[in-house]
Amino acid sequence: MKIWRKCPLLLLLAVSAVVVEAVGAANLDTAYAGYRAKTAMTPVLAAVFQGAREGKFPWKEEAESALAQGDPEEEEEPAGTEGAPETEPAEESGDAAQETAEGAEETGDAAQETAKGAEETGGEKAAAETVAETETAEGASEGDEKTQEAPEEEEETWEFCRVEEDYFDDALFIGDSRTQGLLEYGGIEDRAAFYCQTSLTVYDLFAKDKAFIREEGEKEKLTLTQALQRHQFGKIYLMIGINEMGTGTPESFFEEYARAVYRIRQLQPDAIVFVQAIMRVAGEKNATDPIFNNTNINIRNVEIATLEDKKDIFYLDVNEAVCDESGNLHGDWTFDQIHLKAKYYEVWKEFLLDHGIVREKSG
């Protein structure tokens with residue numbers, strides 16, 4: 001018994017051989033009659049395997065015999081066709097044959113025919129459900145495709161173009177003493193509005209809410225908030241930042257600068273906002289001043305440029321027009337290394353005219 005416990009597979013093979021041998025012996029006169037001569041020198045087990053290889057099984061022989069006793073005309077019409085009833089009785093083929101065939105569904109031909117008839121009952125319903133699901137899925141898929149095919153509406157962007165001086169008729173310039181110079185020498189003081197003051201900083205615009213704007217007929221100065229609430233503009237130009245070079249850090253400066261720009265956009269939602277780069281200084285000051293130099297200016301200008309979206313906010317770098325090949329403000333264009341001489345404000349104005357934005361109304 002120890003050997004059987006150690007080798008259960010061997011025990012299973014031995015039991016299987018005995019069962020197959022018994023099946024072969026019981027059907028030696030029927031299913032395996034043609035193999036009787038072969039069993040003289042070989043065991044019945046060999047006849048069973050030989051028959052299995054050729055498709056001979058005892059239950060198949062019984063089913064075929066039972067079917068042979070039925071109505072020949074019924075055999076001609078295969079079971080499970082569309083014209084056959086869904087639950088056709090099996091009286092003509094014999095109750096015994098039918099029961100035998102049903103017991104051998106997986107391997108007998110008669111069982112397969114019976115299964116076809118049974119499958120028809122639920123097949124039509126399943127097919128109908130499948131068609132409905134397919135149509136629903138296709139409809140949903142078509143809807144998704146149409147949604148995907150529909151182009152996403154992109155916000156329109158605009159490019160710079162040349163404009164004439166009347167472009168400034170609804171413009172506002174905000175800034176420090178450099179913007180004050182444009183007011184005095186740019187030749188557009190009768191067209192544009194100017195909210196500017198010497199030594200003005202970005203912190204004076206909204207953080208301190210400084211009153212620095214004097215309007216004709218007003219006794220008291222207005223804050224930028226008050227002035228922007230009173231008047232609406234089509235374009236707003238901002239240049240500020242040179243006076244803040246020694247205050248805080250580039251990061252803290254930009255935070256307040258960005259806050260000021262978005263506040264302007266809030267108060268003037270229809271205006272185009274031009275954020276102008278801080279104008280650089282001349283070469284001599286750049287080389288000697290540890291604070292007011294072009295390296296520090298450029299760092300701040302890089303941050304200012306990030307505010308541009310080419311829809312409502314545009315970045316203008318006037319240094320392209322007023323600086324030499326070394327990137328410094330032209331030495332002979334300034335009287336103090338920082339501010340332009342009077343006649344060179346015309347260059348600044350022309351640069352702005354070359355960089356106008358005209359938003360044409362669609363439709």
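Give me the net charge for the shell around residue 207: Cβ to Cβ below 14 angstrom, other residues only, Lys and Arg +1, Asp and Glu -1.
Values: positive: 208, 210, 259, 263; negative: 204, 209, 244, 255, 256.
So the surrounding residues net to -1.
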Tell me the GluC sites (Glu not before Pro) within region 290-332 that lie in a loop according to DSSP and have at most 15 other beta-carbon atoms within 10 Å. 308, 325
Leaving out ligands and nucleic acids, and using a 1.4 Å probe, what accessible area per residue does region 184-244 come to in Å²? 51 Å²
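So if I take the alpha carbon set of region 171-214, get Rg, then get Rh from the Kirkwood formula, what is the Rg over Rh ratio? Kindly include the intermediate steps, with their values, before the conclusion.
Numbers: Rg = 10.5 Å, Rh = 10.7 Å.
Rg divided by Rh gives 0.98.
Rounded to a whole number, what % of the accessible area of region 229-346 do carbon and sulfur atoms account for, probe 1.4 Å? Don't jump to the answer; show the numbers that get you there.
Details: 2510 of 5170 Å².
The C+S portion of the solvent-accessible surface of region 229-346 is 48 percent.
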Inter-label distance for residue 336 and residue 210, nm, one decimal - labels placed 7 Å from Cα along Cα-to-Cβ: 1.5 nm
So which trypsin sites (Lys or Arg not before Pro) in region 245-336 end up in coil per DSSP with only 13 or fewer other C-beta atoms within 10 Å? 311
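The values are calculated or read from the model by the stated rules, or taken from the named source; none is laboratory data. Given the structure is predicted, the values throughout are model-derived calculations rather than measurements. Note that we place each Cβ from the backbone using ideal geometry, even for glycine, and neighbour counts take in every protein chain shown. To get the accessible areas, we keep the full protein, side chains included, count just its heavy atoms, and leave off ligands, DNA and RNA. Shrake-Rupley method; radii C 1.70, N 1.55, O 1.52, S 1.80 Å.
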